[in-house]
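The values are calculated or read from the model by the stated rules, or taken from the named source; none is laboratory data. Here the structure is a predicted model, which means the values were calculated and not measured. Note that we place each Cβ from the backbone using ideal geometry, even for glycine, and neighbour counts take in every protein chain shown. Accessible surface is based on the protein model in full, side chains and every heavy atom, while ligands, DNA and RNA are left aside. Shrake-Rupley method; radii C 1.70, N 1.55, O 1.52, S 1.80 Å.
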Amino acid sequence: MSQKPPASPSSTDAPLVPHHVAIIMDGNGRWAKSRGLPRTAGHRKGVEVVRDIVKAAQDIGINTLTLFGFSSENWNRPKDEIHDLMKMLRTYLRSETAELHKSGVRLRVIGDRRAFDPDIVELIENAERLTSENTKLTLVMALGYGGRQDILHAATLLADHVYRENRKLTEDEVNALFPQFLMTAGIPDPDLMIRTSGEIRISNFLIWSCAYTEFVFTDILWPDFTKADLESAVADYAKRDRRFGHIKNVTG
Ligand code: IPE
Ligand code: IPE
Ligand code: MG
């Protein structure tokens, strides 16, 4: 077996600003409930915070920001809530695409698009096309996304590939091919993952690419999350000692 060690940067020191930050934006419902408001009010405030944090990420110098907006499992929520969330997604894409483009943001959406209404899929495709050449920040929206589903989908594509090749692949070949079949193809692994709302779990997010990601869990509910909170998570990250399984600073 030619098991390769996980990829690691040339230096194991974490750079001060993480290249890729992923956020599980959780707690909208509890934020609303604590104010006696319907859950939708929390989602609405949550979308405002998305706008602020996308700007903040650019100010801080983050290159890739992945936001978990809606999971595969979130389709199991009550119809009314899903309807409201889809309405907000439409409004966001309609009102924000031009602004994102103007500020040099490239939008990429990962997740299974088949369950979304066709007009939403069209808005997503148009936004991706319009912003495809932008380089200031890559904003990855995970919508209808599930980490396991992503891996299963990639495994299916790999099986198709093997069928077409009509031969066994070596482990090195699979190692080179498999990441390209994931929806995250071309997106670097997250350096830092933040989850709001006090939950300490990954909830089927980027389970393949988080192998060596640093985690920050905060009790702050997503609608209360600010640029200062993002800066604080980044400062926390800057103090981490990323070793990727290596030994370092051995002084004897
Ligand atoms: C996150 O907030 C947004 C989505 C999952 C769509 P929640 O809606 O999960 O809020 P809580 O966890 O119930 O407070
Ligand atoms: C994870 O939050 C998904 C998003 C933030 C979009 P959930 O609220 O769905 O996760 P669980 O159910 O608490 O694990
Ligand atoms: Mg939640």
(message) Take the residues in region 52-67 that are within 20 Å of A41 (Cβ to Cβ) and in contact with a Lys or Arg (Cβ under 9 Å, 6 or more places away or on another chain); name whichever of them is farthest from ligand 3 (Cβ to nearest atom).
(response) D52
(message) So, in region 209-252, how many residues would count as being in a loop (DSSP other than H, G, I, E, B) and open to solvent by 40 Å² or more (accessible area, probe 1.4 Å)?
(response) 16
(message) Pairs please, first residue from region 159-181 and touching a residue at least 40 places away in the same chain (Cβ under 8 Å), second anywhere and in a loop (DSSP other than H, G, I, E, B) and open to solvent by less than 60 Å² (accessible area, probe 1.4 Å), Cβ atoms under 7 Å, 6+ apart in sequence or on different chains.
(response) E171/S2; D172/S2
(message) Among the residues of region 182-208, what is the count of those that are surrounded by fewer than 18 Cβ atoms within 10 Å (Cβ to Cβ) and either at pLDDT below 95 or on the phi < 0 side of the Ramachandran plot (or both)?
(response) 8
(request) Count, please, the residues in region 71-121 that happen to be part of a loop (DSSP other than H, G, I, E, B) and under 17 Å from Y145 (Cα atoms). (result) 5
(message) Give me the residue from region 57-70 that is in contact with a strand residue (DSSP E or B) (Cβ under 7 Å, 6 or more places away or on another chain) and in a helix (DSSP H, G or I) and, out of that set, least open to solvent (accessible area, probe 1.4 Å).
(response) A57
(message) Could you list, ordered by first residue, the pairs with Cβ atoms under 9 Å in which the first is in region 24-39 and at positive phi and the second is near ligand 1 (Cβ under 6 Å from one of its atoms) and outside any helix (DSSP H, G or I), at least 6 apart or interchain?
(response) G27/S197
(request) Quickly run through region 185-208 and pick out the residues that are more than 16 Å from ligand 2 (Cβ to nearest atom) and either assigned to a loop (DSSP other than H, G, I, E, B) or among the hydroxyl-bearing types (S, T, Y) (or both). (result) A185, G186, I187, P188, D189, D191, W208
(request) Name every residue in region 131-165 that is assigned to a helix (DSSP H, G or I) and in contact with a strand residue (DSSP E or B) (Cβ under 8 Å, 6 or more places away or on another chain), in order of residue number. (result) D150
(message) Being of a type outside the set (G, A, S), within 10 Å of ligand 2 (Cβ to nearest atom) and surrounded by fewer than 23 Cβ atoms within 10 Å (Cβ to Cβ) is the filter here; which residues of region 27-56 pass it?
(response) R30
(request) Filter region 226-249 down to residues that are free of Cβ contacts under 8 Å to residues at least 24 places away in the same chain and of a type in the set (A, V, I, L, M) and give me whichever is nearest to H19 (Cα to Cα). (result) A235
(request) Return the pairs, sorted by first residue and then second, in which the second residue is open to solvent by less than 20 Å² (accessible area, probe 1.4 Å), the first residue lies in region 84-100 and is of a type in the set (D, E, K, R), the beta carbons are less than 8 Å apart, and the residues are 6+ apart or on different chains. (result) D84/H43; R90/I120
(message) What's the total number of residues in region 181-212 that are within 13 Å of I151 (Cβ to Cβ) and either within 15 Å of ligand 1 (Cβ to nearest atom) or of a type outside the set (G, A, S) (or both)?
(response) 10
